[in-house]
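J.: Got a structure for you, written out below as structure tokens; questions coming shortly.
The values are calculated or read from the model by the stated rules, or taken from the named source; none is laboratory data. Bear in mind the structure is a predicted one, so any value in this text is a computation, not a measurement. Note that we place each Cβ from the backbone using ideal geometry, even for glycine, and neighbour counts take in every protein chain shown.
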Amino acid sequence: MGYRRLPSSLRPLARSALASRNRVQRRYLGTLIDAGRTFAILSPNQAQRIRGIGGAEWRDAADGSINLGKPIATFNAMDPVARLRSFSMTIPWPARSHLKGALGSSRKLLDRLQMACGPDGAMVNVATDGETFGHHFPFGERCISHALKVKSRSRDFQIANYGEYLERHPALDEVEIKPGEGTAWSCVHGIGRWYRDCGCQNGGPDGRQQALARTAQTGV
């Protein structure tokens, strides 16, 4: 939910804001920092390069090769001191395709999450649509509820929110996100799927294209 859409009584408590499909630009992350937000959720393919916080040497990370189980900070060239803590998805977007078959059984769901576990202390961070649970997978909301509230105890899982996890595991590395028009979870071409025929098929049948995307947006 966007920060401005929150009731005024809840705004001081908001620690983050989520753009649709996580379409982000460097300027947007800077705005979150200015607004006092403390963390964001990114896809690994949104990172351009990575280094230890305040370090001199950057390492290319455009291929998504970053540690997915630990929080990282986002580097802002306009204000190198200001940083936003970020989490990268452990299970890639779209998560619902990777969870297929697992939302019919709490045991299978925890098996899938356990496969994504890294070293001790690492977070398994799954980002997906809310409609995954119940719409795409009927009774999926019951499955995840039972898995997290009951079954997770026998697997040694600890359920935590992002704020709690950050207090226990501060970020040690920082990333700079890719420049340009912006990036998104669900478009490998940046944000092209929303306004041009970029090549994305959006999960549709073979041959489906977005040749009318620009025309439709102009019409709207």
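J.: Can you tell me which residues in the stretch 19-40 are in contact with a strand residue (DSSP E or B) (Cβ under 7 Å, 6 or more places away or on another chain) and either crowded, with 17+ Cβ neighbours inside 10 Å or at pLDDT below 80 (or both)? Show your work before the answer.
T.: So the first thing to find is which residues in the stretch 19-40 are in contact with a strand residue (DSSP E or B) (Cβ under 7 Å, 6 or more places away or on another chain), and the list is 21-24, 26, 29, 32-33, 37-40.
Within the stretch 19-40, R21, N22, R23, V24, R26, L29, L32, I33, R37, F39, A40 meet the criteria.
J.: Moving to a separate point now. Please determine, by comparing only the residues of the stretch 168-217 that are part of a loop (DSSP other than H, G, I, E, B) and among the acidic types (D, E), which one is modelled with the highest pLDDT.
T.: The selected residue is E181.
J.: Still on this structure: Which residue is modelled with the lowest pLDDT, if the candidates are limited to the stretch 53-100 and must be over 19 Å from Q25 (Cα atoms), among the hydrophobic types (A, V, I, L, M, F, W, C) and not in a loop (DSSP other than H, G, I, E, B)?
T.: A95
J.: Name the one entry in D120, D129 that is at pLDDT below 75, under 17 Å from W185 (Cα atoms), surrounded by fewer than 19 Cβ atoms within 10 Å (Cβ to Cβ) and not hydroxyl-bearing (S, T, Y).
T.: Only one candidate passes the filter, namely D129.
J.: If L113 meets every condition in (1) surrounded by fewer than 19 Cβ atoms within 10 Å (Cβ to Cβ); (2) modelled with pLDDT of 80 or more; (3) in the same structural domain as C143 (by TED's automatic domain parsing) apart from one, which number is that one?
T.: Every listed condition holds for L113 apart from (1).
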